[in-house]
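The values are calculated or read from the model by the stated rules, or taken from the named source; none is laboratory data. Bear in mind that the values here come from a model prediction, so they are computed numbers and not experimental data. No Cβ is skipped: glycine too gets one built from the backbone with ideal geometry, and neighbour counts run over all protein chains shown. All accessible areas refer to the heavy atoms of the entire protein, side chains included, with ligands and DNA or RNA removed. Shrake-Rupley method; radii C 1.70, N 1.55, O 1.52, S 1.80 Å.
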Amino acid sequence: MLACTLNANAATRERLSLDRGWLFHQGDLVEPPIVGHEESYSNAKAGNAGGAAGNEYDDSDWRRLNLPHDWAVEGPFDPKANVAQGYRPRGIGWYRRYLKVDPADRGKYFELQFDAIATHATVWVNGNVVNRNWSGYNASYIDITPYLRYGDSLNTIAIRVDAEAMEGWWYEGAGIYRHSWLVKRSPVHVITDGVHATPRQVKGKQWSIPVEVTLNNSGKTTGDVTVEVTVFDPAGKQVAKRTERASVNVLATSAVKLPVTINDPALWSIEKTNLYRVTTRVLQAGKVVDETSLHTGFRTIHFDAAQGFFLNGVHVKLQGVCIHQDHAGVGVAVPISIWEYRLRRLKEMGVNAIRFSHNAVASEVLDLVDRMGFVVMDENRNFNPSPDYMKQLEWMVKRDRHHPGIILWSVFNEEPVQATEVGYEMVRRMAAVVKSLDDTRPVTAAMNGGFLTELNVSHAVDVVGSNYQVKDYDRYHKAHPNKPFTSSEDTSAFMTRGEYKTDKEKNLISSYDDDAAKWGNTHRDAWQAIDTRPFVAGGFVWTGFDYRGEPTPNEWPSVSSVFGIMDMNGFAKTAYYIHQVQWIKDKPLIHIAPHWNWTKGENVRVMVMANVETIKLLLNGRELGEQKVDPYRMNNFNVAFEPGKLEAIGYKGGKEVVRTAVETTGEAVSLELIPDRAQLTGDGLDALPITVRALDAQGRAVPLAQNEVTFAVTGGGRSIGHGNGDPNSHEDEKGATRRLFNGLAQLIVQTNYEAGDDVTVTATAAGLKAARVTIPVKRVAAVPYVEPADAPLTFVRSWRIAPDGDARPDPNQTLAAFDMNTWGWGSPPMRAAAGGKYHLYRASFTPRKNLADGTGLIRFAAIKGKAEIWLNGQLIGKKDSYAAAPLDVTLPAGSGKCEINVLIEAEAGQGSGIEGDVTIEPSK
Ligand code: GAL
């Protein structure tokens, strides 16, 4: 049964989470080849997909789980697996789920939505292939209305996921790793992503939203409707409203234009994220039949060839990062609340721009981006203007164009044909499609060179994106002074968090920002090159966070990248502070690298990062020197180590404005757990990271601690994984233990759907005092969802019907395998009008393994007429009355395919038949 509906729009549209109650099988399931005529004929028919794709499949021993799910991160590391995918074997997997649909919903429009599946996915509903999605970053919206069965007759969703397929050279995960939904709408409804509401400035303070609403009608009569669009300001006050009449033909779509004017809206900016709500309602005969909302924002963007980027007329240097989508412990199945944490970490560092490289991100992440204040380069994955791939690009633009944060559409990242006519022709087509869907933003492409040749991709875009190529910045600008230009990717420097000495044997790289890829630059060099050139709109550091795969410059045993400004948990490396002092101007900041646990007499390089005028360094109160702040290089000191306190003080106008210190710690004596937030929401979705540290006797974090910690989580939540930022760690990310790496680890806990109790986390480690923390769980109503539907039953659905007659037929007579036409075809309910006395029905089925012992029942919901039930040539049950009634027959012990024959004798002058479902199920 569908969960009781808590949706405010219940009367109109219900968007129900379909994350719960899936069955999963890792590995492929290949059916033996079909050789017989009957099977070949049957295989070619709608609804008859076989094996795990089919209606009936014995999935009783499959693993039960809730989505989102990434099976690759659950698995082992394998030195023979793909380095780019972080040495994680991926493979093929199957998911199945059953769905019960209320007969009261008959006539509604039902859509399945998968926000993303890695990587190639084929979806069947009730044995019909209903969708193929060949990108791991695109959503699938699937109309399942025609295939549905209502009431107790379960529906089957089956999905084969091929994660051998790769679209990237980074870790891509495996499985249904974003959310899934079942959306119920009335027959006349707004299609998914069907509201185009992208504001544009008309003149001065006058703006318009040229709203266009696309409607569809799955009903049986023309839909005469009124479409109503209402715009609400950030305070919830209505600021515009417009209605239009529309007529939507049967099984057709229709686009309705409802431009609205908004005067003097509160502008959206990075600092003030004013968001307006656009609500669209469809009314039929005065009744609201569909309703949907989105948010948008008013802002102008402009890329100037000489001066870079302007937001609302104000110059903004893009202080950007590129990011992939995996996080410690969870792979690519990253809870939205963990995304909030990730973005918050970026914000705290002074990031104002994000490039989601190199693919569309989850839509909830773009909602966060708009709310938290970032501008975004939204990037298409597959570079290909053929129809299938163009659909991927169109989907991204349609889904995302209302987000005020998005300022650039990127059609590709680094394509070898970028400097050729072919590349140019391909981009020209893709850019045109983008423009046809949204002409308010420039199109770019991230080129790693080639933009100085005679004909290349840069001629087909509005803003030239340069990946690396710093040496060509000035040459390009000189040759094309009127073409806007930005770095689309830069830096690619290496640092292992918490390491300050490079150890090539151990694949460890020091964190003084000295090492970069040959094609890249150190953090400091890259930013200096960008910041000192006004024509370069800004930069996008490769990358904000470490990610699995691309362990460049290393290989096995390194399994994740070291490009990150932060590690995979969001723990800061030195690069974090370098950028923070460069990017945050409105408050004084100062940091010291490294920690202060060294050997006496050792010479230690100290880097002080500050955004003030001068700094002073003191060791145990003794002044070591004063330096003018170098905003690009940072400030370096050579200090002979002595234990104690190393302090840095920052001055402005000769006055102290900020100070910081690092201290030599003692041995670790206890553990500490620091939850990122004070409370969890008990919706089964909310997750938070908990920092795990070791402390010395004086309560100071021990920077080099490497203790192995064991976690226990009780109450209304559970661990969904952990990490420590060590690119060389092969620990199980889901297990009970995790070693600290240079003093830190992170545990991620998520509330349970069944929540209730607060969550208590305990951390223990040999020789250390344990830590324990309780996180209160706020009770909230669950996100409306579809109740899991168990299928301990097999439905016998595909029947042959012999011609009726007055002479009793042999129920076990042979029907030639090539005879597709003498007998008819049917599926319960099968009712015969009064006529011949005898009616013979035949089907076959394979009972589930657990019924092989004779504990199964063949259950007829209703048979009208007297009946004999024959199984594999044996009479196993009888019904002696003519009246319609249920019948249960014991399924004899045994396994394998069975043939069932039902012979019905009709009462004279009466109808007869198998009037309800026939199921094979355990006897209770
Ligand atoms: C770039 C590429 C990124 C990443 C990076 C590593 O060429 O766009 O995806 O591979 O190099 O430096």
Self-check item: Kirkwood hydrodynamic radius over Cα pairs of the range 339-428, then Stokes diffusion coefficient at 25 °C and 0.890 mPa s, in µm²/s
Solution: 175
Exercise. With a 1.4 Å probe and all protein chains in place, put HIS480, HIS37 in order of accessible area, largest first.
Key: HIS37, HIS480
Self-check item: Dipole in debye (nearest 20) - the chain, about Cα centre, beta carbon charges: Lys, Arg +1; Asp, Glu -1
Solution: 2000
Quiz item: Just the accessible area per residue of the chain, please: how many Å² with a 1.4 Å probe?
Solution: 39
Exercise. Among the aspartates and glutamates, select those whose C-alpha is under 20 Å from the C-alpha of LYS878, and discard any that sit fewer than 8 residues away in the same chain.
Key: ASP804, ASP806, ASP810, GLU868, ASP888, GLU899, GLU905, GLU907, GLU915, ASP917, GLU921
Quiz item: Got a number for the accessible area of PHE637? Probe 1.4 Å, square angstrom, nearest 10.
Solution: 20
Quiz item: Carbon and sulfur together cover what percent of the accessible area of the chain at a 1.4 Å probe radius?
Solution: 50
Exercise. With a 1.4 Å probe and all protein chains in place, put PHE494, PHE310 in order of accessible area, largest first.
Key: PHE310, PHE494
Self-check item: Residue-span extension gain [THR145 to VAL669] - 0.36 nm each, minus C-alpha spacing
Solution: 182.5 nm
Quiz item: At LYS655 and GLU164, where each label point lies 7 Å from the Cα along Cα→Cβ, what is the point-to-point distance in nanometres?
Solution: 6.9
Quiz item: Which percent of the Cα-Cα distances in the range 794-922 go past 22 Å?
Solution: 30
Practice problem: Taking a cut-off of 28 Å between Cα atoms, list the lysines near LYS241, but don't count ones fewer than 8 places away on the same chain. | Solution: LYS108, LYS184, LYS203, LYS205, LYS257, LYS272, LYS287, LYS398, LYS435
Quiz prompt | Residue-span extension gain [THR420 to GLU39] - 0.36 nm each, minus C-alpha spacing | solution = 132.0 nm
Exercise. Counting helices only, and only those DSSP H runs with n ≥ 4, report the 222 nm mean residue ellipticity of the chain as the sum of -39,500 (n - 2.57) divided by its residues, in deg cm²/dmol to the nearest 500.
Key: -3000 deg cm²/dmol
Self-check item: Nearest-10 value in Å² for the accessible area of ARG242, using the 1.4 Å probe
Solution: 80
Self-check item: Farthest toward positive dipole pole in the chain [+1 Lys/Arg, -1 Asp/Glu at C-beta], among LEU283, VAL702, PRO265
Solution: PRO265
Quiz item: So what is Rg over Rh here for the range 189-296, counting just Cα atoms and using Kirkwood for Rh?
Solution: 1.02
Quiz item: Extension gain LEU452-ALA252, at 0.36 nm per residue separation less the Cα-Cα distance, in nm?
Solution: 67.2 nm
Quiz prompt | Between helix 363-372 and the chain: long-axis angle, C-alpha atoms, 0 to 90°, nearest 10 | solution = 30
Quiz item: Can you give the Rg to Rh ratio for the chain, taking only C-alpha atoms and Rh from Kirkwood?
Solution: 1.03
Quiz item: Between GLN750, THR664, ALA770, whose Cα lies farthest towards the positive end of the dipole of the range 612-790 when Lys and Arg beta carbons carry +1 and Asp and Glu beta carbons carry -1, centred on the Cα centre?
Solution: THR664
Quiz item: Just by accessible area at a 1.4 angstrom probe, what is the order of ASP525, ASP105 from largest to smallest?
Solution: ASP525, ASP105
Self-check item: Hits among lysines - C-alpha to C-alpha of LYS600 under 30 Å, sequence gap 8 or more where chains match
Solution: LYS501, LYS504, LYS506, LYS573, LYS616, LYS628, LYS645, LYS769
Quiz prompt | Cα lying deepest toward the dipole's positive end in the chain, options SER561, SER363, LEU112, charges on Cβ | solution = SER363
Practice problem: Would you please name the trypsin sites (Lys or Arg not before Pro) within the range 189-226 that are DSSP coil residues with at most 16 other C-beta atoms within 10 Å of their C-beta? | Solution: LYS205, LYS220
